[in-house]
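The values are calculated or read from the model by the stated rules, or taken from the named source; none is laboratory data. The shown structure was predicted, so the numbers you read here are calculated from the model rather than taken from an experiment. Reconstructed Cβ throughout: ideal geometry from the backbone, glycine too, with neighbour counts over all protein chains shown. What goes into the accessible areas is simple: the full protein's heavy atoms, side chains included, and nothing from ligands, DNA or RNA. Shrake-Rupley method; radii C 1.70, N 1.55, O 1.52, S 1.80 Å.
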Amino acid sequence: MRQGAAEKEWMRKMSDLRDVAMNSKAWPFEEARAVLKRYEKAPPEKGYVLFETGYGPSGLPHIGTFGEVLRTTMIRNAFELISDIPTRLICFSDDLDGMRKVPGNVPDQEMLQEHLQKPLTSVPDPFGTHDSFGDHNNAMLRRFLDTFGFDYEFYSATEFYKSGQFDEVLKRAVEQYDAIMKVMLKSLREERRQTYSIFLPIHPETGRVLYVPMKEVNASDYTITFDDEDGREWTLPVTGGNVKLQWKPDFGARWAALGVDFEMYGKDHSTNTPIYDAICKILGTPAPAHFTYELFLDDQGQKISKSSGNGISIDEWLSYASTESLSYFMYLKPKTAKRMYFDVIPKAVDEYHQQLRAYHTQDATQQLANPVHHIHDGEVPVSTMVVSFAMLLNLASVSGAEDKETLWGFIRRYAPEASAETNPDLDQAAGFAVRYYNDFVKPNKTF
């Protein structure tokens, strides 16, 4: 009996929360409502709403990728609060893409130079730990996504093309070749139009991804005919991983093949959105809802890039602060460009804990607008930081602390009741403060 009453109370509470969420101005709820609107007349035939994030594994996994998966997860969680439709999240790696240049932050540069233009899953792993460079970078991506507990399904473009899962859409692309080319040619300069094709054959002998014009695209047997760089003519089926799509057509075709309902991407993609949408529709599927976020900049105001390795990596941020502080930074103003370098870390830590302390005194409307609700999907912990991170940094600097026990000597004077056991946030932050001081403050101190 009591359990039934508790269940009814929980359902009433969730219903009230859903009503609040339907009017919340927090950006995850605004985006979630836009996705839900797609199905206001009927639920999806596939039985679920599909969220997707894309990953180009040309370099080591980047903090921007973490931000994309985190923000998409926040929207997915918001959607699940306002709707009963099941959801899935796919992280799609474009690892069949040809390696156009050698990333500057990986070993064995000369060896990699010999494999330019080959699919990343055909390039040997310079780290020597995986079957290919693509497999290595995919493993790196999955490792840190798993570390943060993301609920996702991983898709590899190589597997997607070679297993036949993409075959039906590729056949449709052959049938609609002229219509897709018409969309693409409008966006290209005159000289590029002469040689452009939506299909990129993978050379049967060299294994390289070829950027060559088509001599024939045959809808009767779904083949393409072309000359390679040596002038030899080849005819290949578009199915079975013999051919991949150029990246812009691939974007729209992937949406069509999977039935994607939502994908976010950086501002550098925004001018291509009409192209992606048009190709998706030509291939017979409605285009998904989108969200365009502003890019992260380094301390010089330059765009953070996977291949150049500028800015902060995931591991670097987590050497000096908690995962939650990084998530907080990612939540803030996604449509505003933000500089992301080491100096922003202390501010993010302290603001995150300020929001934690505020959350448990707020009403439902305020709570759903609080970043920590979205960071913790409503299961918001209590902050045990009785001293700010900024103060810990000052203490470390003044005392020249080499370990966190030195800091605890000062902390206990300020807060005698605090301890590493009862204040785990504070204990962790003390360790981070010592490390931050030794790496960034101490080398620049003058006496």
- Message: If I fit a long axis through the Cα atoms of helix 345-359 and take the longest principal axis of the Cα atoms of the chain, what angle between them do I get, 0 to 90°, rounded to 10?
- Response: 70 degrees
- Note on the structure: Listed residues 226, 199, 51; largest mean-square fluctuation, Gaussian network over the chain with Cα springs below 10 Å, found at 226
- Query: So how much accessible area does residue 38 have, in Å² to the nearest 10, using a 1.4 Å probe?
  - Reply: 80 Å²
- Past 23 Å, Cα to Cα, is the threshold; run 37/303; 46/244; 37/244; 186/244; 101/338; 303/347 against it and keep the listed order. 37/303; 46/244; 37/244; 101/338
- Query: How many Å² of accessible area per residue for the chain, probe 1.4 Å?
  - Reply: 47 Å²
- Under a 10 Å cutoff between Cα atoms, tell me which one of 374, 62, 360 has the largest fluctuation in the Gaussian network model of the chain. 360
- Task: Could you tell me which label, among (1) -0.33, -0.70; (2) -0.25, -0.57; (3) -0.53, -0.81, carries the value of log10 I(q)/I(0) by the Debye sum over Cα atoms at q = 0.06, 0.09 Å⁻¹ calculated for this structure?
- Result: (1)
- Query: If you add up the charges near residue 428, with Lys and Arg at +1 and Asp and Glu at -1, over every other residue whose beta carbon is less than 12 angstrom from its beta carbon, what do you get?
  - Reply: -1
- Message: From Cα pairs below 8 angstrom and at least 6 apart in sequence, can you work out the relative contact order of the chain, rounded to a whole percent?
- Response: 13 percent
- Distance from the range 157-221 to the range 399-422 (C-alpha centre basis), Å: 63 Å
- Mind listing the phi-derived Karplus ³J(HN,Hα) values for the range 95-106, rounded to whole Hz, using 6.51, -1.76 and 1.60 with θ = phi - 60°, and x for any glycine or proline? 7, 8, 5, x, 6, 7, 8, 7, x, x, 10, 10
- Message: Relative to 2.2 N^0.38 Å, what does the C-alpha radius of gyration of the range 303-400 come to as a ratio? Two decimals please.
- Response: 1.19
- Over its Cα atoms, what ratio of radius of gyration to 2.2 N^0.38 Å does the range 13-161 give? 1.29
- Query: With every protein chain in place, what's the accessible area of residue 108 (1.4 Å probe, Å², nearest 10)?
  - Reply: 80 Å²
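Net charge within 13 Å of residue 334 by Cβ-Cβ distance, Lys/Arg positive one each and Asp/Glu negative one each, not counting residue 334 itself? Show your work: numbers first, answer last.
Details: positive: 71, 267, 333, 335, 338; negative: 30, 31, 68, 294.
Value of the local net charge: +1.
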- Residues whose placed amide H lies under 5 Å from that of residue 116, excluding near-sequence neighbours: none
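How large a share of the accessible area of the range 299-424, in percent, is made up of carbon and sulfur atoms when the probe is 1.4 Å and the other protein chains stay in place?
49 percent
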- Note on the structure: Computed ³J(HN,Hα) along the range 194-202: with the Karplus parameters 6.51/-1.76/1.60, θ = phi - 60°, integer Hz and x for glycine or proline, the list is 5, 10, 6, 9, 6, 9, 10, x, 9
- Message: If the reach is capped at under 16 angstrom between alpha carbons, list the lysines near residue 182, excluding any in the same chain fewer than eight residues apart.
- Response: 248, 281
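Suppose only helical runs count, i.e. DSSP H with n ≥ 4. What mean residue ellipticity at 222 nm does that imply for the chain under -39500 (n - 2.57) per run, divided by all residues and rounded to the nearest 500 deg cm²/dmol? Intermediate results must be reported in sequence, preceding the final value.
Values: 19 runs with 199 residues, N = 447.
Using -39500 (n - 2.57) per qualifying helix, the result is -13500 deg cm²/dmol.
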- Message: Nearest 10 degrees is fine. How inclined is helix 404-414 to the longest principal axis of the chain, computing both from alpha carbons?
- Response: 50 degrees
- Degrees between helix 2-21 axis and first principal axis of the chain (Cα, 0 to 90, nearest 10): 70 degrees
- Note on the structure: Cβ-Cβ cut-off under 11 Å around residue 278, Lys and Arg +1, Asp and Glu -1: the net charge is +3
- In a Gaussian network model of the chain with springs linking alpha carbons closer than 10 Å, the residue among 201, 124, 107 that fluctuates most is 107
